[in-house]
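Let me begin by presenting the structure, written as structure tokens, before commenting on it.
What follows is calculated from the coordinates using simple rules that are stated; it is not laboratory data. Here the structure is a predicted model, which means the values were calculated and not measured. Note that we place each Cβ from the backbone using ideal geometry, even for glycine, and neighbour counts take in every protein chain shown.
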Amino acid sequence: MVIRNINLETVCGITSKLPENKKPEIAFAGKSNVGKSSLINALMNRKSYARTSATPGKTQTINFYNINEEVYLVDLPGYGYAKVSEEEKKQWGKLIERYLHEAKQLMAVFLLIDIRHEPSANDKMMYQWIVEQGFAPIIIATKLDKLKKSQVMKHIRMVKEGLSLIPGTKVIPFSSVTKQGREEIWELIETEYLG
Ligand code: GTP
Ligand code: MG
């Protein structure tokens, strides 16, 4: 994908009306700090257009990035962030649920998992939930640069087994530091969900 222009077009909080976009939307889910906003920056060829932070809980809204007036990349709030009250967690959960349920243009949901760690109970729940909403989630195993090459296969297997992935589910290793995986992700979006 040649990035000609990008625009953070819509930001939705817990009480916001969701936009009725006319172009396909591709959403990115995953626990807080897993690297959703960093991935979106990498896809957009920007360093920090999407705000990122070493402290979890940075993105607390659903952010719609319009790419070339062609497709929206949708940054979802992270789950599993301990410092947030139960009430707030519930509200975010409802917002994400409402989005997955109502978004007419939502074509694909990518679920991001930190390649270093076993998927958590929340990751498993999110995976199941996406499946129940009728999507075949694609897994992105993030922070690939933190592993030695010799460990990668083992960790991919750990992610697959940990989530009990439906056979055939794609797992794409990715690093926002080296950008490894970026082309594969765009390629997949373009061939499967656009045009
Ligand atoms: P929330 O908005 O809190 O849900 O987090 P997020 O999933 O958007 O994570 P974000 O992109 O803000 O990244 C969190 C931290 O991880 C930041 O310090 C990033 O620099 C770092 N990070 C993200 N991706 C990678 C990666 O591929 N490799 C390495 N080494 N660090 C990464
Ligand atoms: Mg974020």
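The condition of being over 30 Å from ARG98 (Cβ atoms) and surrounded by 15 or more Cβ atoms within 10 Å (Cβ to Cβ) holds for only one of ILE156, ILE130, ILE185, that being ILE156. Restricting TYR49, TYR72 to residues that are more than 27 Å from GLU118 (Cβ to Cβ) and surrounded by 22 or more Cβ atoms within 10 Å (Cβ to Cβ) narrows the list to TYR72.
Considering the range 86-117 alone, what residues qualify as being closer than 30 Å to SER150 by Cβ, charged (D, E, K, R) and under 15 Å from the mean Cα position of the chain (by Cα)?
Within the range 86-117, ASP114 is the sole residue that qualifies.
In this structure, GLU20 does satisfy being away from ligand 2 (no atom under 16 Å from the Cβ), closer than 18 Å to VAL109 by Cα and part of a loop (DSSP other than H, G, I, E, B). A search for C-beta distances below 8 Å between a residue of the range 58-83 that is in contact (Cβ under 8 Å) with a residue 12 or more places away in the chain and any residue that is among the basic types (Lys, Arg) and more than 9 Å from ligand 1 (Cβ to nearest atom), counting only pairs 6+ apart in sequence or on different chains, returns ASN66/LYS23; ASN68/ARG4; GLU69/LYS23; GLU70/LYS23; VAL71/LYS23; TYR72/LYS23; TYR79/LYS89; TYR81/LYS89.
Tell me, please, whether a residue that is surrounded by fewer than 13 Cβ atoms within 10 Å (Cβ to Cβ) and more than 8 Å from ligand 1 (Cβ to nearest atom) can be found in the range 23-39. Checked against the condition, which is being surrounded by fewer than 13 Cβ atoms within 10 Å (Cβ to Cβ) and more than 8 Å from ligand 1 (Cβ to nearest atom), the range 23-39 yields no hits at all.
Could you tell me which residue of the range 40-51 is nearest to ligand 1 (Cβ to nearest atom), considering only residues that are part of a loop (DSSP other than H, G, I, E, B), over 12 Å from ASP75 (Cβ atoms) and touching a residue at least 40 places away in the same chain (Cβ under 8 Å)?
Selected residue: ARG46.
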